Structures are given as C-alpha cells and as structure tokens.
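Below is one structure; the comments refer to it alone.
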Amino acid sequence: MEILYGSLDDINSLVEATKGIKIVYHLAAMLGSPEIAYKQLYNVNVKGTENLVKACTKNRVKRFVLISSVAAMGPAKHMADEKTKCNPKTDYDKTKYFSELAVKKSKLDWTIVRPTMVYGPGEIRNKAKMFRLIQKGFFAIIGNGKNLMSLVYIDNLIQGIILAGESKKSIRQTYIISDKNPYTMNKFIKTIAQQEKVRIPFHIPVLLAYLGAFCFRLLKFVGVPQLLSVDRIRNMTMNHSFNVSKAINELGYKPKISLEEGIKRTVQWYKEKGILK
C-alpha cells in the first residue's frame, strides 16, 4: 500500500494521487459547526470535490464514489428514500448537496453514498463527546426522546460503500446506507448508558434547551464555547429516519451489526483509547 499526501485545494496533488487509479472513494469533507463560516465549508466540500473530479477526469478514473450524507436532503420526512426531494437548510447541508451536484454533472461513472448518522470506533468528535457526557451524567435528552433517528455502525457503512463501488448496478445511482431500522432517541441514549453502566440521562423541555442555546450564543463573545445551538437542538429532536430498501435490493446490502453490539464495541474502543473511563 502506498500513501500519498495532498490537499483538496491543490489540484496538482490530486492529479498525482489519482494516476493509474481505477476507483476513487471520496470521503474527505469538513463537518459543520457554529464556529465555521459557510465560505470555508464551501471551499472544502464543494470546490474540493470539483477539484478531485477534474483530477479523476484527467486521469480517466473508471469509478468515482462520493461519500456524501443524508444531510444533503435537509430535514427529511419519515422513512425518506432516494426519491425524496432534497431541501438542504443548514450551511453544511447545502455544501453536501452542492458537492453531489458537482459529481453528477461530471462525465465520470459516479455513485453517491449517503450515510445516516455514523457511530463506532474511530469517531472522536460529536459522538465521543456524547458518550463522555452520558458517562459523567452531564447529558440530557431534549424533549420526550420519541423522535426516530437512523444510525449506521461503521462496519455496516463500510460494507455498503464497498458494495456501491463494486456493483455495476450502482453506476450513476444514489444510495442511503444505514442500519436497517431507525431507533428512538430514547433507545439510542438508553443503550449507551446501559453499556457504560450509568444512570439513564434525564429529559429537559425543548423551550428550556432553546433558552440555553441563546445564552451560549451570547457567551460566545466572551470566549465560552457554544456547547448548544439551535441546529443541534433541531437535530436532536426531529425525526431523521430513512429507508435503505434500495441498497438492500440492488446492492445486496445486509447490515450485520446490531445497535447493542455496535454500542458495546464503541464503548470498549473508547475505553481502550482513554476517551472513556
């Protein structure tokens, strides 16, 4: 295996990296955050994708698999699928949607994979923070916790990505990849707490959460990190459920790792890495 280093804003490095390559899996992206400006997101997620597409086109790469996100669809309806119209709202959502358009207008044999919320070993950002807060007893479920959410364990996602890249049926197609069935927020958080052997987090009213977000927004100007935002509240209280029938029927996708097993493996990995006690 050879490792080459480059940058999405350096097209020469991308041309060099894709020479003699038959298939490219594009996973590089910048995640959204209240502290990150839209222009910065756009430059990485959209222009960076356009640069990689140009490099792959120049080198006649046979297959291009973009790892996008269901975020490109915006606030989707219950059990949304690939036919659901995209309606991105946040800055991050819009850049994921525009990066998809950049791929679709290319002459490459492309496939777009839209993962739902990913968790598992290797995730050291938002989910790791959530797991830590639950263990310390500082995490609260906003609202009644009955909203549905689609999750995908990392091993299940990898299976879906490989199938999408190898299948001839997937050329110029888009696939949602997730665990087979959605879970309630209560189920997800309760499973984490049980694996960590701590008390199940309490609930707080949605209005109180919005008040907290407003306070954090004001405190941001004196250097306090914005731990709670309006977008995060919406993400934690809305239904985010998706249908994976297309991937199952066309790719032979079969998510094997259950929520309980996935959380168990994640907690174990976090403990090994010192993220959890």
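The values are calculated or read from the model by the stated rules, or taken from the named source; none is laboratory data. All values reported here derive from a predicted model rather than from experimental measurement. Neighbour counts run over all protein chains shown; Cβ positions are idealised from the backbone, glycine included.
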Requested in this report: Go through the range 183-210 and count every residue that is in a helix (DSSP H, G or I) and exposed (fewer than 14 other Cβ atoms within 10 Å of the Cβ).
Outcome: 2
**Report entry** Selection count, the range 8-28, where residues are loosely packed, with under 12 Cβ neighbours inside 10 Å and touching a helix residue (DSSP H, G or I) at 6+ places or on another chain (Cβ under 8 Å)
**Finding:** 0
Query raised in the report: Among all residue pairs at least 6 apart or on different chains, which show Cβ distances below 6 Å where the first residue, located in the range 154-177, is over 10 Å from residue 247 (Cα atoms) and the second is among the hydroxyl-bearing types (Ser, Thr, Tyr) and surrounded by fewer than 21 Cβ atoms within 10 Å (Cβ to Cβ)?
Result: none
Report summary line: Of all helices (runs of 4 or more DSSP H) fully inside the range 9-97, the set with 1 or more residues that are over 27 Å from residue 166 (Cα atoms) and free of Cβ contacts under 8 Å to residues at least 40 places away in the same chain is 11-17, 38-42
Query raised in the report: Does the range 129-148 contain at least one residue that is surrounded by fewer than 21 Cβ atoms within 10 Å (Cβ to Cβ), out of contact with any His (no Cβ under 6 Å at 6 or more places or on another chain) and within 18 Å of residue 49 (Cβ to Cβ)?
Result: no
Requested in this report: Given the conditions (1) of a type in the set (Ser, Thr, Tyr); (2) within 18 Å of residue 115 (Cβ to Cβ); (3) surrounded by fewer than 18 Cβ atoms within 10 Å (Cβ to Cβ), report the number of the one that residue 5 does not fulfil.
Outcome: (2)
Query raised in the report: For the range 37-58, does any single residue satisfy the condition of being among the small types (Gly, Ala, Ser) and within 15 Å of the chain's Cα centre (by Cα)?
Result: no
Requested in this report: Examine the range 258-274 for a residue that is closer than 27 Å to residue 74 by Cβ and among the β-branched types (Val, Ile, Thr), and state whether such a residue exists.
Outcome: no
Query - Test: residue 180 is under 20 Å from the mean Cα position of the chain (by Cα), charged (D, E, K, R), in a helix (DSSP H, G or I) and within 19 Å of residue 116 (Cβ to Cβ) - result: no
Query - Given (1) of a type in the set (S, T, N, Q); (2) buried (at least 19 other Cβ atoms within 10 Å of the Cβ); (3) farther than 30 Å from residue 65 by Cβ, number of the condition residue 156 does not satisfy - result: (3)
Query - residue 104 being at pLDDT 95 or above, crowded, with 21+ Cβ neighbours inside 10 Å and basic (Lys, Arg) - result: no
Report task. Test residue 162 against the stated conditions and say whether it is of a type in the set (Val, Ile, Thr) and assigned to a loop (DSSP other than H, G, I, E, B). Result -> no
Query raised in the report: So, of the residues in the range 113-157 that are within 26 Å of residue 29 (Cα to Cα), part of a loop (DSSP other than H, G, I, E, B) and not polar (S, T, N, Q), which turns out to be modelled with the lowest pLDDT?
Result: 125
